[in-house]
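Read through the structure below, which is laid out as structure tokens, and then see the notes.
The values are calculated or read from the model by the stated rules, or taken from the named source; none is laboratory data. Bear in mind that the values here come from a model prediction, so they are computed numbers and not experimental data. For neighbour counting, all protein chains shown are included, and Cβ atoms are generated from backbone atoms with ideal geometry for every residue, glycine included. With ligands, DNA and RNA removed, areas are computed over all heavy atoms of the protein, side chains included. Shrake-Rupley method; radii C 1.70, N 1.55, O 1.52, S 1.80 Å.
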Amino acid sequence: MKYNVIMASDANYLPYVEITLKSLLMHHENLSVFILHTGDISESWQNDLQPYFAKRYSTLQLVHIDKSELSSFSANNYITSATYLRFYIDCLLHYSDIPYWIYLDCDIVINGNIMLPFECLDFSRHSLAAVLDPYVTRIGHPYQDGDYFNAGVLYLNMEKYRLGISSFSKELFELHEKLKERLIYGDQDILNYYFKDRWIPLDKRYNFQLDHMISINSLDISPVILHFTGPHKPLDNIFSENACVNAVISLFRLYASISWQDICSLPLGTVRANWTNQER
């Protein structure tokens, strides 16, 4: 089965996109990867990477969304309008007969097999599986009603949208218009409203966020998806006194330094971080 992976970015974030993609190909093959963008990522970038994807029996495709489509969405210093590109997932559904899609933010590094939830979860009642957001859970949210998930990693069964039973994009756009004056975390708030009480909680290993890293004594749970949430990113000039956080920063920087040729010449799973019993 060829699973579908979606990301959304602009040209400024391509160094992080490549880190995520390199780590994805380090652990997987047989993927269809789509990058949603607003026109500032060149076709030559896609064409340069395509041979490396082919070595993993995978494909990479840029999908252009007109920038004017995003003009009504709210942005701030942390959340750009490009983050709302994930609302356009259903415009990709005609590319695949397989209903399973994974959305990944760009500040992510893969550290294992991310497809396992599709093999063990029951999507018959709900279309989404996601991980609780520990930061929002800790500080609270004025409009939070029930559990609140982090939208940086979304496991989606898009069958009902593929069949035209519902319109994912249309319903999210309408919800944005209704709630835009109340939003704190932008598109993530909207997705939480939309899927309220209709999503499957995932183990935190599948979206291991910064708050997870700093709140435990070791990474002996073997996280599969490492998500560097927050405004500061691993390629910035940053350092943490927390050993687990620094280990994750080092992993991001390792993937930034490894060539695409080396990624695809190594056996699957060769680069796998293991911080078992590492002290804080």
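When you look at ALA247, is it at pLDDT 90 or above, hydrophobic (A, V, I, L, M, F, W, C) and either within 17 Å of ILE114 (Cα to Cα) or open to solvent by 10 Å² or more (accessible area, probe 1.4 Å) (or both), yes or no?
It is true that ALA247 is at pLDDT 90 or above, hydrophobic (A, V, I, L, M, F, W, C) and either within 17 Å of ILE114 (Cα to Cα) or open to solvent by 10 Å² or more (accessible area, probe 1.4 Å) (or both).
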Next on the checklist: Which count do you get for residues in segment 183-204 that are in a loop (DSSP other than H, G, I, E, B) and open to solvent by 40 Å² or more (accessible area, probe 1.4 Å)?
Outcome noted: 6
Checklist entry - Looking at segment 30-44, which of the residues that are among the aliphatic types (A, V, I, L, M) and assigned to a strand (DSSP E or B) is farthest from TYR84 (Cα to Cα)? => result LEU31
Checklist entry - Under 6 Å by Cβ, and 6 or more places apart or on different chains, what pairs join a residue from segment 97-122 that is over 16 Å from ASP203 (Cα atoms) with one that is in a strand (DSSP E or B) and open to solvent by 10 Å² or more (accessible area, probe 1.4 Å)? => result PRO99/ASN157; TYR100/TYR3
Checklist outcome for this item: Screening LYS55, LYS22 for residues that are among the basic types (Lys, Arg) and either more than 29 Å from HIS232 (Cβ to Cβ) or in contact with a His (Cβ under 9 Å, 6 or more places away or on another chain) (or both) leaves only LYS55
Next on the checklist: Within segment 206-220, does at least one residue satisfy the condition of being open to solvent by 10 Å² or more (accessible area, probe 1.4 Å) and without any contact (Cβ under 8 Å) to a residue 24 or more places away in the chain?
Outcome noted: no
Checklist entry - Residues of segment 129-160 being closer than 27 Å to ILE216 by Cα and hydrophobic (A, V, I, L, M, F, W, C), which ones? => result ALA129, ALA130, VAL131, LEU132, VAL136, ILE139, PHE149, ALA151, VAL153, LEU154
Checklist entry - Pairs under 7 Å by beta carbon, first residue more than 18 Å from HIS232 (Cα to Cα) and open to solvent by 10 Å² or more (accessible area, probe 1.4 Å) in segment 79-90, partner modelled with pLDDT under 90 and not in a helix (DSSP H, G or I), six or more apart or different chains? => result SER81/PHE73; SER81/ALA75; ASP90/SER167
Item to check | Criterion (hydroxyl-bearing (Ser, Thr, Tyr) and either modelled with pLDDT under 95 or crowded, with 20+ Cβ neighbours inside 10 Å (or both)) met by exactly one of THR270, THR229 | outcome: THR229
Checklist entry - For TYR3, all conditions in the list (1) modelled with pLDDT under 95; (2) open to solvent by 20 Å² or more (accessible area, probe 1.4 Å); (3) of a type in the set (Phe, Trp, Tyr); (4) farther than 23 Å from THR270 by Cβ hold save one; what is the number of the exception? => result (4)
Next on the checklist: Step by step: first the residues of segment 86-139, then only those that are more than 17 Å from MET1 (Cα to Cα), of a type in the set (Asp, Glu) and in a loop (DSSP other than H, G, I, E, B), then the one that is farthest from the chain's Cα centre (by Cα). Which residue is that?
Outcome noted: ASP122
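Within segment 37-67, take every residue that is among the hydroxyl-bearing types (Ser, Thr, Tyr) and open to solvent by 20 Å² or more (accessible area, probe 1.4 Å) and give me the one that is nearest to ASP262 (Cα to Cα).
Out of the qualifying residues, it is TYR52.
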